[in-house]
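Just below is one structure, and these are the notes that go with it.
The values are calculated or read from the model by the stated rules, or taken from the named source; none is laboratory data. Fair warning: this is a prediction, and the values are worked out from it, not measured in the lab. Neighbour counts are summed over all protein chains in view; Cβ atoms, including those assigned to glycine, are modelled from backbone coordinates with ideal geometry. Surface areas here come from the heavy atoms of the whole protein model, side chains and all, with no ligands, DNA or RNA. Shrake-Rupley method; radii C 1.70, N 1.55, O 1.52, S 1.80 Å.
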Amino acid sequence: MTVEKKGLMVYGPSVWELANTAAKYVDRILKGAKPGDLPVEQPTKFELVINVRAAKALGLTIPPPLLLRADRVIE
């Protein structure tokens, strides 16, 4: 379940960064690198996404400071 559908909030790695990193791995492998020789990379950017619609449906109020810290707010 994603936050866009019905979730309340999520804090996790940036999907864009994960896709970008995967593309870099594919590029290196297609250029001849051995997958076992590639370094393991951990995510470095995390996102906080809050679904205000879901909060209202549950009767919850999200504090304004938390909304200000969110990377994305779904209204």
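At each listed q (0.16, 0.17, 0.25, 0.28 Å⁻¹), what is the log10 of I(q)/I(0) that the Debye formula gives for the chain modelled as equal alpha-carbon point scatterers?
The Debye formula, applied to the Cα set alone, gives -0.66, -0.70, -1.10, -1.25.
Accessible area of the chain with a 1.4 Å probe: how many percent of it is carbon plus sulfur? If you can, show how the numbers build up before the last one.
Values: 3670 of 5950 Å².
The C+S portion of the solvent-accessible surface of the chain is 62 percent.
Cross-link candidates for Lys5: which lysines have Cα within less than 22 Å, leaving aside residues fewer than 8 places away along the same chain?
Cα-Cα hits under 22 Å: Lys56.
Amide H of Gly7 versus every other amide H placed in the peptide plane: which residues, excluding those fewer than 5 positions away on the same chain, fall under 5 Å?
For Gly7, whose amide H was placed from the backbone, the distant partners under 5 Å are Thr2.
Using only Cα atoms, tell me the angle between helix 15-30 and the longest principal axis of the chain; keep it within 0 to 90° and round to the nearest 10.
10 degrees
Give the share of C-alpha pairs in each 5 angstrom bin for the stretch 32-75, from 0 to the last occupied bin, in whole percents, shortest bins first.
For the stretch 32-75, the binned pair fractions read 5, 17, 19, 13, 8, 7, 7, 7, 8, 6, 2 percent.
Once the Cβ-Cβ distance between Asp27 and Glu4 is put in as r, and R0 is 35 Å, what FRET efficiency do you end up with, to the nearest 0.05?
Numbers: r = 29 Å, r/R0 = 0.83.
E(calc), rounded to 0.05, equals 0.75.
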